[in-house]
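Student: I'd like to ask some things about the structure below.
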Amino acid sequence: MENFELIPHTADLKIKVFGKNKQELFRNALIAMFKIIKPEYIEGEEKKFDVMVDSPDIEALLVDFLSEALYLSDANSIAFKDAQIHEFTDKSIVATIIGFPIKSFEVVEIKAVTYHDLSIKEVNGVWQTEIVFDI
Amino acid sequence: MKKEVKVSDLVKIDENTYEIPKSFREDMKVPARLFANKEIIEDILTDKSLSQLANVSTLPGIQKVALAMPDIHQGYGFPIGGVAAMSVEDGVISPGGIGYDINCGIRLLSSDIKVEDTKNIIEDLATALFNVIPSGVGQGGKLKLSVDELDKVLLNGAKYMVEQGYGNQDDLEFCESNGCLKNANPEMVSERAKKRGADQLGTLGSGNHFLEVQVVEEIFDEAAAKAFDLKVGNLVVMIHCGSRGLGHQVCTDYVKVMVKKLPEWGIKLPDRELACAPFKSQEGQDYFSAMASAANFAWANRHLIGANVRTAWQNIFGKDAILKTVYDVAHNIGKVEAHKIDGVNMEVVVHRKGATRAFPPHHPEIPHAYQQVGQPVLIPGTMGTSSYILTGTEKGLEVSFGSSCHGAGRRLSRTEAKRKVQGPELRKQLEAKGITVRCDSNAELAEEAPIAYKDIENVIDVVVSVGLAKKVARVRPYAVIKGG
């Protein structure tokens, strides 16, 4: 079973992501963000980026973490497939995100990660969130 | 969780005009108003557009009314098709109310080429245009800018491109704000935003952005059509794109800054995507300058695409084939404008999120040549339906802060659109209607299918019936070039 699903949205892309804890939720959200827009990978070596993000609360942290990955993707023509999370609190994350070179995305480009309708909660022992991407 | 707006909460105040009264929610500072007919309202029943509109009316310093144009649909923060005017003195500026694609907009070019003379050449023309405009996701352009050159683009917009030999002075004359907002300050644009934009000038991007060759089908206003150089049977070119990664990053950067500062400013919002700053605060002014810089980048972008289209056009039709810029107009932007509020002239920051400025005849901000007829208002339909050229009106200035719709407005999600129509089938349908298509991605084609949008005729009927703008001409698609 996928650890995310697409939720209908009139104009943009919305996903619901699941994780057994908050760290895994963040990792799965990163992987899902790139999976839904279908990267067209080209030959090339794995690229790793160390990211450190501080934010006022956990929702802002998720937006800022994904925005960081989006910037690195656009500026370096890569798509991220995985993340190793080294340190995590509700207000900060230190991680290594792992990507590969791409030619393009098959579906569409994500312009930004939004706060709209964003909440992070635990339901029956599973952490989940819904995120709207502007496309 | 704030109370959701239902259709039964709408109060009809006039033909095609509905209001969510200020009393609907305690946090609403002004009423919210929607220009729509029954069919349009049915289209938005299932999404959150109306609640998003009510949320806009809670922003500090909002004046008179929060507005939604008839192409309204659900966005993030503001609904798409949203217009709001905040007091310059004690109101806010909201990056989300302008959008991530700052100065996404439309440029229209007119020609003397007759459609009947192009039956054997349209395929070549479409291919030539597709080749000259890098349009896919993350595609860089042919022009790579140095840091210094990029700063000049951010400061001077399309004017800098003319100085570099692209396009001409008339392109600037027939462009909203002459293609340059004077309050731009490249220092307020992050290095990240600049890195994202450095190689993206001259590119369309993906999604609903497009380049179309269209045919003028019908003229409704002879005088305005003459002023805009539109003749039945002639080809025109429409360009839809914005500020690319540079603008997206500017918005992301400042939403982050403002989200952090909201508690300090004592601003409580129903949705954090409405994050805003007092207009006169340092952060508000910094964003306003950064947004203007990104807007200038977008104008330079559409200007360069227009210049590249001209080159391809002349390669096909010969050196004497002229493409004149009819107008270029933004539909995601924030501008300081003077409007009459309760009978008094007042400076406000007008946020247009998926809404087009539509100024009337004799307005000082429109070109001399259009003073008698009003500002061209450029409204794309879909790849399979008509688009419209309208003009602004005095009534629009009164009721919508001089704003109109910006398109047909989506009604189906991308997933639903793909469920209803397959890319290859749509391609065949369009070609059967005499529309040449250049788009590498069948998925993207299906996502932007005409069925995914409201009926443009319906949207334009509401705009005209309410008096936001007047019809000048209807054009139909002839060649569609998309990214993907």
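Computed from the coordinates by the stated procedures, all read-outs in this text should not be read as laboratory data. All values derive from a computational prediction rather than experimental measurement. All Cβ positions, glycine included, derive from the backbone under ideal geometry; neighbour counts span all protein chains shown.
Student: From the alpha carbon gyration tensor of the range B:180-254, can you work out the equivalent ellipsoid semi-axes (sqrt of 5 times each eigenvalue) and give them in Å, largest to smallest? Please list the in-between numbers first.
Tutor: On the way: eigenvalues 255, 49, 17 Å².
Semi-axes (√(5λ), whole Å): 36, 16, 9.
Student: What is the magnitude of the charge dipole of the range B:90-132 about its Cα centre, with +1 placed on the Cβ of each Lys and Arg, -1 on the Cβ of each Asp and Glu, and no other charges, expressed in debye to the nearest 20?
Tutor: Details: 3 positive and 7 negative charges, 5 e Å.
With Lys and Arg at +1 and Asp and Glu at -1, about 20 debye.
Student: Now for a separate question. For the range B:197-308, would you read off the P(r) tail past 22 Å as a percentage of all alpha carbon pairs?
Tutor: Value for the range B:197-308: 54 percent of Cα pairs lie more than 22 Å apart.
Student: With the crude spin-label approximation of a point 7 Å out along Cα→Cβ, what separation in nm comes out for B:GLU347 versus B:GLU89?
Tutor: The two pseudo-label positions are separated by 1.2 nm.
Student: OK, next. Highest first, please rank the peptides B:323-332, B:345-354, B:264-273 by the mean number of other Cβ atoms sitting within 10 Å of their residues.
Tutor: B:323-332, B:345-354, B:264-273
Student: What 222 nm value per residue comes from the helices of the protein assembly as shown, counting each DSSP H run with n ≥ 4 as -39,500 (n - 2.57) and dividing by all residues, nearest 500 deg cm²/dmol?
Tutor: -9500 deg cm²/dmol
Student: If you average 1/r across every pair of different Cα atoms in chain A and take the reciprocal, what Kirkwood value do you get, in Å?
Tutor: Evaluated over chain A, this radius sits at 14.9 Å.
Student: Kirkwood Rh over Cα pairs of the range B:278-435 into Stokes-Einstein at 4 °C, 1.567 mPa s: D in µm²/s?
Tutor: Diffusion coefficient, whole number: 69 µm²/s.
Student: B:PRO278: net charge of surrounding residues, Cβ under 11 Å, Lys/Arg +1, Asp/Glu -1, itself excluded?
Tutor: -2
Student: While we're looking at this one, here's another question. Among the lysines, select those whose C-alpha is under 16 Å from the C-alpha of B:LYS22, and discard any that sit fewer than 8 residues away in the same chain.
Tutor: B:LYS2, B:LYS3, B:LYS6, B:LYS12, B:LYS64
Student: Write down the Å³ per residue value for the convex hull defined by the alpha carbon atoms of the protein assembly as shown.
Tutor: Working: hull volume 88.6 nm³, N = 619.
Hull volume normalised by residue count: 143 Å³.
Student: For chain B, taking Cα atoms only, what is the radius of gyration to one decimal and the Dmax to the nearest whole Å?
Tutor: Final numbers for Rg and Dmax: 21.0, 65 Å.
Student: May I ask which of A:LYS121/B:LYS260; A:LYS35/B:LYS144; B:LYS353/B:LYS470; B:LYS353/B:LYS454; A:LYS16/B:LYS256; B:LYS142/B:LYS195 have a Cα-Cα span longer than 24 Å here?
Tutor: Values: A:LYS121/B:LYS260 21 Å; A:LYS35/B:LYS144 29 Å; B:LYS353/B:LYS470 21 Å; B:LYS353/B:LYS454 18 Å; A:LYS16/B:LYS256 22 Å; B:LYS142/B:LYS195 16 Å.
Checking Cα-Cα distances, A:LYS35/B:LYS144 exceed 24 Å.
Student: Considering the Cα trace of the range B:1-90, what is its radius of gyration and what is Dmax, both in angstroms?
Tutor: Cα radius of gyration and Dmax of the range B:1-90 are 12.0, 39 Å respectively.
Student: How many nm is it between the label spots at B:GLU217 and B:GLU163, if each spot is 7 Å from the Cα in line with the beta carbon?
Tutor: According to this spin-label approximation, the distance is 4.3 nm.
Student: Mark the label point 7 Å from the Cα of B:GLU116 along Cα→Cβ and return the residues of the range B:229-251 whose backbone N is within less than 16 Å of it.
Tutor: B:231-235
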